[in-house]
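A.B. asks: Let me begin by handing over the structure; questions about it come next.
The values are calculated or read from the model by the stated rules, or taken from the named source; none is laboratory data. Fair warning: this is a prediction, and the values are worked out from it, not measured in the lab. A quick note on method: Cβ atoms are made from the backbone with ideal geometry, for glycine too, and the neighbour counts reach across all protein chains shown. Just so you know, the surface numbers come from the protein's heavy atoms only, side chains and all, with ligands and any DNA or RNA stripped out. Shrake-Rupley method; radii C 1.70, N 1.55, O 1.52, S 1.80 Å.
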Amino acid sequence: MTSVLVLSVLALAGCGQGGGSAPDAPPASGSGSVALAPSHGGLRGGNLVLADTGEDTEGPITARFGEAEVECEFDDRSARHACLAPARETPGAVEVSFASGGSEVGEKTAYTYTTPGTQDIPVLTVDTETVRRNAEEIRADFPRNVQLGAVLKNGEPVDVFGKVIEDAADVDYLFVPKLDDAIALREAGVESKIAVLYVAQVEDIPLLMHYDVEVAATDPAWVEAAEQVLSTTGGTLKVHLWIDTGMGREGVVPEDALPLARAVEDAPHLELAGIATHFSTITEDDMAAIERNDSANTTVAQKNRFDGAVASIRDAGLGQDALIHAGASDVLTNDIEPLYYDLLRIGGMFFGSSAPEDRVYSWTTELSQVKTLPEGWCIDYECTEPTASPTKVGLINHIPSRESELTYTVGGREVPVLLDHGTVVTLDLSEVPDAAAGDEVVIDFSADAFHMLDATAPLPVTTTGG
């Protein structure tokens, strides 16, 4: 049998199957003796959960995780009942109850299903109801005659985000960074048009066709290779031609846009669905700069390059029905109407900052250790930050790196970070003299930045709000 250690490490691997929608976390109603270890795990299920029912019984028991039942034998080594968690479809908390011989034993508690992640990292909770309200507000104020494209680059759970936003905002497109995200959206029942923002592997073209997903075209060689594959699969793959107008990322430079468009149009199994770029430096001053055509303004320079490339394509009789899209959330926020084009790609506004009582994300952990460092005590390697005076510090563990800056609050006060090694983070508790080990630490994203999760980090995410 796989060891308890290995099973625990694998507890959060995988994606969903079976089950229903998740309720909000129910409160544990026992005396505190009822416990699950771990108390959360991945959607695939099958991970070992050790259950303490709070009662003196070594016989087999039945554990009910929501509506699913599993049989649990007593484990002598841990002195707990060993259960294999059943699978579930969506992240969220379920009530867990226990029975022996048909009679209920112990008290009820809760088990939280998460997206893939690791056991040690604190669980991040997403309030999908707040995402829904944000989506409804965006749609209500969205400019008429402009299509709404929702950009889902916020990591897990992309399928939940996509379904909530599609239902609330009636989006025209969903844009995702990778094919796996697009597949997750389709399997969640999303019916809107879906496009992968970045170039896809040619060998993935059959999957793109199967799931009806559009993709970026950034190179004539890719177009040629794609056509060879499509000639064997049949059907038409829709592509978006990306033009790099001054971002240094995806797309061809403007003078290469027309040859690429011609290559797409000449390919029998490709269709030019869109022509796109991405602005690098949107500010509130750009509208005035556009009106006076100030070529020294970065946005004006990018707009002129983009407009010129689009004009050259259409003057050649190509891309007449292709959607033109370039603006993102910052364009809409600053109301720069000349950059609306046919479609706006909105991402951060769905997940942006909000009042503490109405946050999209809730992320907490506990102080694992509290101590006072003497004056002159080294901080970090090379002793680059010695303490100027005796300093009270608190340690937290296993906080993965994020694209957005994080803040930490203890006892209602935001505290500075003295050291951040990911697996160990040392906080300055000088302003929280009563802090003690076990106190809650609230982790938050910088209010000045979009809340972009790093999908490559093994961060377990669950949901509330349905």
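A.B. asks: Of the residues that sit in the stretch 400-425 and are acidic (Asp, Glu) and in a strand (DSSP E or B), which one is modelled with the lowest pLDDT?
C.D. replies: By that ranking, first place goes to ASP420.
A.B. asks: Which of (1) among the small types (Gly, Ala, Ser); (2) farther than 22 Å from LEU318 by Cβ; (3) open to solvent by 40 Å² or more (accessible area, probe 1.4 Å) does ALA221 not meet, given it meets every other one?
C.D. replies: Answer for ALA221: the failing condition is (2).
A.B. asks: Would you check if ARG88 is touching a residue at least 60 places away in the same chain (Cβ under 8 Å), open to solvent by 10 Å² or more (accessible area, probe 1.4 Å) and either assigned to a loop (DSSP other than H, G, I, E, B) or not charged (D, E, K, R) (or both)?
C.D. replies: Yes; evaluated as a whole, the condition is true for this residue.
A.B. asks: Does any residue of the stretch 149-159 turn out to be small (Gly, Ala, Ser), closer than 22 Å to GLY189 by Cβ and modelled with pLDDT of 95 or more?
C.D. replies: yes
A.B. asks: OK, next. Select, from GLY20, GLY46, GLY59, the only residue that is loosely packed, with under 14 Cβ neighbours inside 10 Å, at pLDDT 90 or above and either part of a loop (DSSP other than H, G, I, E, B) or at negative phi (or both).
C.D. replies: GLY59
A.B. asks: Continuing with this model, one more query. Test of understanding: among LEU332, LEU344, which residue is within 23 Å of the chain's Cα centre (by Cα) and more than 21 Å from ALA216 (Cβ to Cβ)?
C.D. replies: LEU332
A.B. asks: Scan the stretch 296-324 and report the pairs whose first residue is more than 15 Å from LEU260 (Cα to Cα) and whose second residue is in a helix (DSSP H, G or I) and not β-branched (Val, Ile, Thr), with Cβ atoms within less than 6 Å and a gap of 6+ or a chain change.
C.D. replies: Short answer, once both residue conditions are applied: ASN297/ALA289; THR299/ASP286; VAL300/ALA289; ARG305/PRO254.
A.B. asks: Need pairs with beta-carbon distance below 8 Å; first residue under 16 Å from ASP120 (Cα atoms) and within the stretch 398-415, second surrounded by fewer than 16 Cβ atoms within 10 Å (Cβ to Cβ) and at pLDDT 95 or above; sequence gap 6+ or separate chains.
C.D. replies: Matching pairs, first to second residue: none at all.
A.B. asks: Do the conditions hold for ALA168, that is, is it surrounded by fewer than 24 Cβ atoms within 10 Å (Cβ to Cβ), in a strand (DSSP E or B) and either at pLDDT 95 or above or β-branched (Val, Ile, Thr) (or both)?
C.D. replies: Considered against the rule, which asks whether it is surrounded by fewer than 24 Cβ atoms within 10 Å (Cβ to Cβ), in a strand (DSSP E or B) and either at pLDDT 95 or above or β-branched (Val, Ile, Thr) (or both), ALA168 comes out as no.
A.B. asks: Moving on to the next point. Give the residue that is most open to solvent (accessible area, probe 1.4 Å), with candidates limited to residues of the stretch 261-279 that are within 32 Å of the chain's Cα centre (by Cα) and not β-branched (Val, Ile, Thr).
C.D. replies: GLU271
A.B. asks: To continue, here is another question. With the requirement that a residue be touching a strand residue (DSSP E or B) at 6+ places or on another chain (Cβ under 7 Å) and closer than 15 Å to THR365 by Cβ, what does the stretch 415-429 give you?
C.D. replies: VAL415, VAL417, THR423, VAL424, VAL425, THR426, LEU427, LEU429
A.B. asks: While we're looking at this one, here's another question. Which residue pairs have Cβ atoms under 6 Å apart, sit 6 or more places apart or on different chains, and have a first residue in the stretch 236-252 that is at negative phi and in a loop (DSSP other than H, G, I, E, B) and a second that is β-branched (Val, Ile, Thr) and surrounded by 24 or more Cβ atoms within 10 Å (Cβ to Cβ)?
C.D. replies: Within 6 Å, the pairs are THR245/THR277.
A.B. asks: So, one more: What's the number of the only condition in (1) touching a helix residue (DSSP H, G or I) at 6+ places or on another chain (Cβ under 7 Å); (2) at pLDDT 95 or above; (3) part of a loop (DSSP other than H, G, I, E, B); (4) open to solvent by 50 Å² or more (accessible area, probe 1.4 Å) that ILE282 fails to meet?
C.D. replies: Going through the list (1) touching a helix residue (DSSP H, G or I) at 6+ places or on another chain (Cβ under 7 Å); (2) at pLDDT 95 or above; (3) part of a loop (DSSP other than H, G, I, E, B); (4) open to solvent by 50 Å² or more (accessible area, probe 1.4 Å), ILE282 breaks only (4).
A.B. asks: When the stretch 72-85 is examined, which residues are found to be open to solvent by 20 Å² or more (accessible area, probe 1.4 Å), modelled with pLDDT of 95 or more and within 29 Å of LEU459 (Cα to Cα)?
C.D. replies: Result: ALA82, LEU84.
A.B. asks: Now a separate question. I'd like to verify a number: residues in the stretch 365-397 that are touching a residue at least 60 places away in the same chain (Cβ under 8 Å), in a loop (DSSP other than H, G, I, E, B) and more than 30 Å from PHE351 (Cβ to Cβ), how many?
C.D. replies: The total comes to 0.
A.B. asks: Can you find a residue that is of a type in the set (Lys, Arg) and within 25 Å of VAL264 (Cα to Cα) anywhere in the stretch 185-205?
C.D. replies: Yes, some residue in the stretch 185-205 is of a type in the set (Lys, Arg) and within 25 Å of VAL264 (Cα to Cα).
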